[in-house]
Structures are given as structure tokens and as C-alpha cells.
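One structure is given here, and the rest of the page talks about it.
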Amino acid sequence: MKQYLSKENGLTLLELLVSLVIISIVLTSFFTFFSQGMIFSVKNEENLLAADTAREILVLLETEYQPIEQSNQYTLSCHDSILTSLNNFDSSTCTVERGNHSFFLETTVHKEKEFELYQLHVKLFDNNNKATLLTETHGYVLAP
């Protein structure tokens, strides 16, 4: 029994505290890395969804829209019948809902001088911050 008490095997309090500090530093760096990865993943998902939505709107405009010859450049009204035919489009706020994201829509039409074409310019902005452009795309329709 006396021999068992004289052995000093095991961890000291200092060794235990140092190991806990090292483990907490390593785990904190891993959690920071994975949380940043998740933030970038969500932002990429939002940008991809915005690009897909803008392309869908452009295809609808290219197939259904008939430009009016009122001026060389104008912005489509949010109450335009083609835009209101979009799924999950709110004409009072000019926003499009896709999934759990909401985008502010701006569509301009510009008449090309040299050709009988109208350029369609579709822009989608972040609905929370309308100064943040998420995506834009262009297309053309023939003049009537």
C-alpha cells in the first residue's frame, strides 16, 4: 500500500489546463472555418437563385413581350401584364419570391438605333438592400 501511494503517475493540474486550452483553440478555429463556409454557401445559393430567376424572367419577356414605340428607353411597370403573370410576383412592391429569398426586379427596354431590335435588361436586387445588385442579364426582341 505504501508503494502505491508513492507513485506519481498521472496528469498534473497544469498539464490538464494546457491540454484544455490547446483543444479549445483548435476547436474554435474549426468552428470558425465551418461557419464561414456555411455563410459563403448561403450567399452562393442566393446568387445562383437570382441568376436563374433573372433568366426565367428574360425568357418570358423574349417570348411574350411586344415592345411599344414610345421612346428609345423606358422601364417596364411593375403592373405590366407580363410581369404580373410571373409566379410569386408581387406587383405592389415589384418583388419576386423564390424559395425563401425575395428579389427586387427592375426591367428596362432600350431601342437599338441601327437594328430593328429592342434590348431587354433584367436586373435583380437584394430586397433587403436595393443598392445591392445580385444579377443582371440581357436579351433582345424584334421590333413590331
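Where a number appears in this text, it was derived from the coordinates with a stated rule and is not lab data. Small disclaimer: the values here were computed from a predicted structure and weren't measured. Cβ coordinates were reconstructed from backbone atoms using ideal geometry, including for glycine residues, and neighbour counts include every protein chain displayed.
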**Item:** Scan of the stretch 42-71 for residues that are under 14 Å from Glu136 (Cα atoms), of a type outside the set (Gly, Ala, Ser) and touching a His at 6+ places or on another chain (Cβ under 9 Å), ordered by number
**Value:** Glu46, Leu49, Thr53, Leu58
**Asked** Of the residues Ser102, Ser92, Ser35, Ser77, which single one is within 30 Å of Ala143 (Cβ to Cβ) and among the small types (Gly, Ala, Ser)?
**Response** Ser77
**Asked** If we scan the stretch 127-136, do we find a residue that is part of a loop (DSSP other than H, G, I, E, B), buried (at least 17 other Cβ atoms within 10 Å of the Cβ) and either among the aliphatic types (A, V, I, L, M) or in contact (Cβ under 8 Å) with a residue 24 or more places away in the chain (or both)?
**Response** yes
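Could you tell me whether the stretch 106-127 includes any residue that is closer than 21 Å to Val42 by Cβ and polar (S, T, N, Q)?
So the first thing to find is which residues in the stretch 106-127 are closer than 21 Å to Val42 by Cβ, and the list is 124-127.
When the remaining residues are screened for being polar (S, T, N, Q), the result is 127.
Scanning the stretch 106-127 turns up at least one residue that is closer than 21 Å to Val42 by Cβ and polar (S, T, N, Q).
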**Message:** With the structure loaded, tell me whether Leu105 is within 14 Å of Phe125 (Cα to Cα), aliphatic (A, V, I, L, M) and within 19 Å of the chain's Cα centre (by Cα) or whether it fails that test.
**Reply:** yes
